[in-house]
Amino acid sequence: MSERREVVEGDALEKGDPVVVVRYSTAARINHWLTAGGFVLLALSGLALFHPSLYFLTGLFGGGQWTRAVHPWFGVFLFLGFTGLFLRFWKVNLWSPADGSWLKNIHTFLAGDEDKMPEVGRFNFAQKAVFWWMGILILMMIGTGLVIWDQYFGAYTTVEQKRIAVLVHSLGAIAMICILIVHVYGAVWARGTMTAMVKGKVTGGWAFKHHRMWFRQLARSAKTNHTHTATPAE
Ligand code: HEM
């Protein structure tokens, strides 16, 4: 069975002991953290408008009117940020046969026996699910958000349509926040993963443990820094 290409532009192995693997370029990391920052601002300003008990959060944005005014712009920012991430990573997030066997063995993964799992490419099934659900929900949120952005688009839709849009927008927001919690939990749970997104680099051991198929492909390809081809320890 031919393996799908798991390596994206910028991935590389660096000479040394231990082997260091470049996982995210500087541009990808800036793109990611701007998106994450946008999400946090969006969630805080959205929650402030969500329920009276959370109204105190408007204090962070200069009061109720300011919160209502800036919230949609944070949404546009998040949409553009995620579009950047989407363009970078959609290909390596496509379904691959390895995902089927990963899913079948998910109980082993959850039990903490990752070593007994089938080999994983650049992202595992759970990461891919977060990616696609986030994408779908962001599209849904920007769509419904525009319907209820009265200042610019108020005249284009009926009150009935706006009511449905507000409901879908609120439910979508809850789903997105839950997905973000899963995403951050995963990032903290798998030790060394934060370093990937902060410094852009992981150890060869991390790559071998969590994304072996990707690591093997990288080691096989000629894409190594300092013209050195390192091989994963087996
Ligand atoms: C706010 C806290 C966040 C933290 C701590 C965080 C952390 C991380 C980490 C550590 C990775 C690297 C995972 C790996 O290489 O295996 C990652 C990847 C990624 N993150 Fe985040 N993230 C956050 C927010 C977000 C948000 C708000 C979005 C999008 C709306 C997002 C989208 C992504 C994407 C697309 C990837 C690449 C993985 C993939 O394509 O599946 N992140 N994040």
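Heads up, I need the accessible area for Tyr55: 1.4 angstrom probe, whole protein in place, Å², nearest 10.
The value for Tyr55 is about 120 Å².
Here is the link list: Lys128/Lys162; Lys91/Lys162; Lys91/Lys209; Lys104/Lys199. Which ones come out longer than 29 Å on Cα distance?
From the list (Lys128/Lys162; Lys91/Lys162; Lys91/Lys209; Lys104/Lys199), the Cα-Cα distance tops 29 Å for Lys128/Lys162; Lys91/Lys162; Lys104/Lys199.
Could you give the size of the charge dipole of the stretch 1-138 about its Cα centre, using +1 on the Cβ of each K and R and -1 on the Cβ of each D and E, expressed in debye and rounded to the nearest 20?
Dipole about the Cα centre, nearest 20: 460 debye.
For the chain, with all protein chains present and a 1.4 Å probe, just round the carbon and sulfur fraction of the accessible area to a whole percent.
The C+S portion of the solvent-accessible surface of the chain is 69 percent.
Would you kindly derive the ³J(HN,Hα) couplings of the stretch 34-51 from the backbone phi angles with the Karplus curve 6.51 cos²θ - 1.76 cosθ + 1.60 (θ = phi - 60°), listing them in order in whole Hz, with x for Gly and Pro?
Ordered by residue, 3J(HN,Hα) equals 5, 4, 5, x, x, 5, 4, 4, 5, 5, 5, 6, x, 4, 4, 8, 6, 8 Hz.
Please tell me the relative contact order of the chain in percent, rounded to the nearest whole number, where contacts are Cα pairs under 8 Å and at least six residues apart.
Normalised by residue count, the contact order of the chain is 31 percent.
Working from the pairwise distances between different alpha carbons, so that the mean of 1/r is found and then inverted, what is the stretch 94-197's Kirkwood radius in Å?
16.2 Å is the Kirkwood radius here.
Report the calculated FRET efficiency for Ala111 and Leu80 (r = Cβ-Cβ distance, R0 = 41 Å), to the nearest 0.05.
E(calc), rounded to 0.05, equals 0.55.
Can you sort Ser53, Ser45 by 1.4 Å-probe accessible area, starting with the largest?
Ser53, Ser45
Across 5 Å bins from the origin, how do the percents of Cα pairs in the stretch 143-194 run, short distances first?
In order of increasing distance, the bins hold 4, 20, 19, 13, 11, 9, 9, 8, 6, 2, 0 percent.
Starting from the Cα coordinates of the chain, work out the convex hull volume and express it per residue in Å³.
Cα-based convex hull of the chain, divided per residue, equals 153 Å³.
Ordered by residue, what ³J(HN,Hα) values in Hz, to whole numbers, does the stretch 139-154 give under the Karplus form 6.51 cos²θ - 1.76 cosθ + 1.60, where θ = phi - 60° and Gly and Pro are x?
Running phi through 6.51 cos²θ - 1.76 cosθ + 1.60 with θ = phi - 60° gives 4, 5, 6, 5, x, 5, x, 5, 4, 9, 8, 4, 4, 9, 10, x Hz.
For a quick check: with amide H placed at 1.01 Å from N, whose amide H comes under 5 Å from Ala12's, ignoring anything fewer than 5 positions away on the same chain?
Answer set, sorted by chain and number: Val22.
With a 1.4 Å probe and all protein chains in place, put Phe82, Phe153 in order of accessible area, largest first.
The most accessible residue leads, giving Phe153, Phe82.
Taking a 1.4 Å probe, which of Thr144, Thr67 shows the most accessible area, and what order do the others take after it?
Solvent-accessible surface, decreasing: Thr144, Thr67.
Note down the accessible area of Ile181, probe 1.4 Å, to the nearest 10 Å².
110 Å²
Over the stretch 4-82, what is the mean sequence separation of C-alpha contacts under 8 Å (at least six apart), divided by residue count, expressed as relative contact order in percent?
Relative contact order comes out at 26 percent.
Below 8 Å between Cα atoms, with a sequence gap of 6+, how large is the relative contact order for the stretch 96-205 in percent?
19 percent
What FRET efficiency would be calculated for the residue pair Val40, Thr203, taking the C-beta separation as r and a Förster radius of 25 Å, to the nearest 0.05?
That pair, Val40 with Thr203, gives E of 0.30.
The values are calculated or read from the model by the stated rules, or taken from the named source; none is laboratory data. Please read these numbers as outputs of a predicted model, since none were measured by experiment. Cβ atoms come from the backbone with ideal geometry, glycine included; neighbour counts cover every protein chain shown. Note: accessible area is taken over every heavy atom of the protein model, side chains too, but ligands, DNA and RNA are not part of it. Shrake-Rupley method; radii C 1.70, N 1.55, O 1.52, S 1.80 Å.
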